[in-house]
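Taking it in order: structure first as structure tokens, then the write-up.
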Ligand SMILES: [Zn+2]
């Protein structure tokens with residue numbers, strides 16, 4: 001028993017030392033594979049690790065986002081308000097279980113193919129990263145509908161979200177690359193530099209980062 005305990009402690013210590021020796025911060029910041037990076041790419045070709053749960057989720061107006069995204073979101077909403085535009089949060093972080101329930105409800109309403117064009121299967125949603133937020137108008141006008149783009153919140157976000165590090169992640173006409181129909185309400189935090197680059201290039205995040213299209217599972 002004592003020997004077993006000793007082995008466990010030694011393994012724990014080795015894991016701890018290995019983790020603390022890794023230059024994780026610099027590498028993770030620009031890593032499309034790391035869920036701790038702001039440019040992690042999750043799509044129908046790139047699921048999240050099954051055990052991943054963000055460790056720095058904080059409240060951002062009644063929903064959870066990772067701390068950096070939450071700070072940017074809070075600044076963005078305050079600046080929109082200063083411009084006279086009210087932006088409300090519809091949905092932020094979702095656990096895998098919540099995503100599973102949501103996707104199952106879409107399948108019931110639209111069938112598998114319809115559900116897959118509107119909602120991610122569990123393990124494949126950007127909402128599970130804590131870096132994605134669905135926004136809306138406080139009165140619910142055009143909530144989660146294409147016409148959201150023409151509303152006050154939708155048009156303000158289209159013109160300004162990139163300045164806070166957010167992309168309209170599923171643009172119109174890009175379903176063959178992103179795998180999703182146009183979602184003018186779905187914002188994804190990637191950081192201001194990447195958001196500006198993607199916007200200036202007029203492409204999807206996959207194209208900007210040189211990743212293959214992910215139209216389906
Ligand atoms: Zn969304």
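Bear in mind that the values in this text are calculations on the coordinates, not laboratory data. Everything quoted here is computed from the prediction, not taken from an experiment. Note that we place each Cβ from the backbone using ideal geometry, even for glycine, and neighbour counts take in every protein chain shown.
What is the extension gain from residue 105 to residue 175, computed as 0.36 nm multiplied by their sequence separation minus the C-alpha to C-alpha distance, in nm to one decimal? Please report the intermediate quantities before stating the final value.
Values: separation 70, 0.36 × 70 = 25.20 nm, distance 2.16 nm.
Here the segment from residue 105 to residue 175 would lengthen by 23.0 nm.
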Could you check the simple spin-label distance between residue 201 and residue 59, using points 7 Å along Cα→Cβ, in nm with one decimal? 3.8
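At 222 nm, what value in deg cm²/dmol follows for the chain if DSSP H runs of at least 4 each add -39500 (n - 2.57) and the sum is divided by all its residues, to the nearest 500? Walk me through the numbers on the way to the answer.
Numbers: 8 runs with 91 residues, N = 217.
After summing the helix terms and dividing by residue count, I get -13000 deg cm²/dmol.
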So how do 102-114, 192-204 stack up, highest first, on mean other-Cβ count within 10 Å? 192-204, 102-114
What is the chain's relative contact order, in percent, from Cα pairs under 8 angstrom and six or more apart in sequence? 18
Average Cα contact separation per residue, the stretch 149-198, under 8 Å, 6 or more apart, as relative contact order %: 39
Limiting things to C-alpha atoms, what are the Rg and the maximum Cα-Cα separation (Dmax) for the stretch 33-208, in angstroms? 15.0, 42
Cα axis of helix 67-82 to longest principal axis of the chain: angle in degrees, 0 to 90, nearest 10? 20
If R0 = 22 Å, then residue 79 and residue 193, at their Cβ-Cβ distance, give a FRET efficiency to the nearest 0.05 of 0.75
Anyone know which of 68, 128, 145 comes out most mobile in the 10 Å Cα GNM of the chain? 145
Between residue 97 and residue 144, how many nm apart are label points set 7 Å from Cα along the C-beta direction? 2.0
